[in-house]
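Working notes, beginning with the structure itself.
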Number of protein chains: 2
Amino acid sequence: METLSTSTVHLRIASWRKGQAIYRQGDEGRHWYEVVEGFVALCHYFGDGRRQVSRFAGRGDAFGFESGLRQFSAEALTDVGLVGHAFWDDRAPPIDMTPPSGSHPALQRALEAVENTMRLFSYPNAMHRTAAFLLQFSTYCEQPDIIELPMSRQDLADHLGLTMHTVSRSFSELARRSFFILEKPDRLKVLDRSGLEAMVEFEKMQGDDQLVA
Amino acid sequence: METLSTSTVHLRIASWRKGQAIYRQGDEGRHWYEVVEGFVALCHYFGDGRRQVSRFAGRGDAFGFESGLRQFSAEALTDVGLVGHAFWDDRAPPIDMTPPSGSHPALQRALEAVENTMRLFSYPNAMHRTAAFLLQFSTYCEQPDIIELPMSRQDLADHLGLTMHTVSRSFSELARRSFFILEKPDRLKVLDRSGLEAMVEFEKMQGDDQLVA
DNA sequence: CGGGGACTTGATGGTTGTCAAGAAATGTGG
DNA sequence: CCACATTTCTTGACAACCATCAAGTCCCCG
């Protein structure tokens, strides 16, 4: 951990280089982190080599709440700047993580992020799932119609439960249908955002009269 | 909400009947809940009718942390007993939801539960995914080798990202291979637990030398 | 005992994973 | 700055898997 500056004992700003692991599955957790700059992939490795990317964390997101052994690895997709918070020091926690009475704690946001990811899996096919992901991810991008992807096709595949090939085919198909242009593999220019939103039936979510039993 | 007893202003024990909704997507969240008895499905409805069951909550699990509008519906799969905690009253929170310094707060457990669900999606096919779910769920069952399922095949399908038919076929195939016997559709007797565990390559998770980049 | 819902099973077509090859992008050394 | 090597990405062909449609069976409850 390359410390750049230290404001208090339990709060450190540090940076990692692209490709480095911030921590690994199996490590003992001592800190949780907020992303200041760049992108991090949180992923779980299985014994047989499968990898599950549970979410990508960008500016403002927090991760690393496992206080015992890490269940995930945190991998820097780009050069990354983080604020690290020590678990063992709970004097004046820098972010409110107390019960959900008013404030909006980091842990709750992490839960929502994972739940958002889970929703991707309800889409019927690879193209819809890919489109839904792109819309989700576009909120991280500065220009509204340019999506720059810090992660590889394999990272996306491990996130979406598909293969790299199917992800690539989905991109190509969406581009063929003029939803966007693939300027480079990791940079796409959105032409028809509302078309994408319609395609993924963007979570009307209003309490439409769904009944139980 | 049928109140059975009231211990303080912000903590109520209540029960729901099988099939009832504890709350619905779109409602305003006022409480979070702990399950005392029975099972609850947390599910998200999409505008086009798709349903995603993000997790099942059993005894000891907590749910309902969305303090704004509910993103999920909570549906009672069986008769259910719950402890409800009001958000707006933070005097003496009944369960520790403070930062992860030692204790094991309810919110953190919920995050882990969703992350566990996500791992199911990394399995290559329906049978493996089903087997992995059954092993996960068996921890709720009292007798180690009898799994009683409170949820329907459709609930399972919405949880696993499959159709009811494929879930049913997976059950039949696993039974045909003698991993268990389907005594009834909702009750199965496990014959070969270690075989199931081997099949799903049960999370060795040890920091085996996985490298990044 | 009878009716209705839930579950199971068969047949078929569409989608995705696999295997394989080729194209594009990236990095390196001259 | 260019040539080459390496990695990443794309695309094609084929097989395996799953969703769909359609019956049929089982189970639960009246």
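For A:Phe72, enumerate residues with amide H under 5 Å from its amide H, sequence gap 5+ or separate chain, H modeled in the peptide plane.
A:Gly26
How far is A:Glu37 from the same spot in each other copy, in nm, shortest first, if each label point sits 7 Å from Cα toward Cβ?
Taking the point 7 Å beyond Cα along Cα→Cβ, the inter-copy spacings are 5.8 nm.
HN-Hα J couplings of segment B:58-69 from phi, Karplus 6.51/-1.76/1.60, θ = phi - 60°, integer Hz, Gly and Pro as x?
Once θ is set to phi - 60°, the couplings for segment B:58-69 become x, 3, x, 7, 10, 7, x, 8, 5, 8, x, 6 Hz.
Other chains near A:20-30: what is the mean number of their Cβ atoms within 10 Å of each residue's Cβ?
2
Give me the net charge of A:Asp158's neighbourhood, meaning all other residues with Cβ under 15 Å from the Cβ of A:Asp158; Lys, Arg count +1, Asp, Glu -1.
+2
If we restrict to alpha carbons, what Rg and Dmax does segment B:121-199 come to, in Å?
Reported Rg and Dmax, both Å: 11.3, 30.
For peptide A:65-75, how many partner chain Cβ atoms fall within 10 Å of a residue's Cβ, on average?
Across A:65-75, the average partner-chain Cβ count within 10 Å equals 4.
A:Arg187 label points, 7 Å along Cα→Cβ, one per copy: pairwise distances from this copy to the rest in nm, shortest first?
Inter-copy label distances (nm, one decimal, shortest first): 6.4.
Give me, ordered by chain and number, the residues 5 or more places off B:Leu77 or on other chains with an amide H under 5 Å from its own placed amide H.
So B:Leu77 has HN proximity to B:Gly19, B:Phe39, B:Val40, B:Ala41.
What does the structure give for B:43-55 when I average, per residue, the other chain Cβ atoms found within 10 Å of the residue Cβ?
5
Spin-label point model (7 Å from Cα, Cβ direction): what's the A:Lys18 to B:Asp145 distance in nm?
Reported label-point gap for A:Lys18 and B:Asp145 is 5.5 nm.
If packing is taken as the average count of other Cβ atoms within 10 Å, what order do B:110-119, A:181-190 fall into, highest mean first?
In descending order of packing, they fall as B:110-119, A:181-190.
Roughly how many nanometres apart are two label points built 7 Å out from the Cα toward the Cβ at B:Leu182 and A:Arg109?
Each label point lies 7 Å from its Cα, and together they span 4.6 nm.
Taking each label point as 7 Å beyond Cα in the direction of the beta carbon, state the distances from A:His165 to the same residue in the other copies, shortest first, in nm.
2.5
All of the numbers you see were taken from the coordinates with simple rules; none came from a lab. In this text the structure is predicted, and so the values were computed from the model without any measurement. Glycine also receives a Cβ, built like all others from the backbone with ideal geometry; neighbour counts cover every protein chain displayed.
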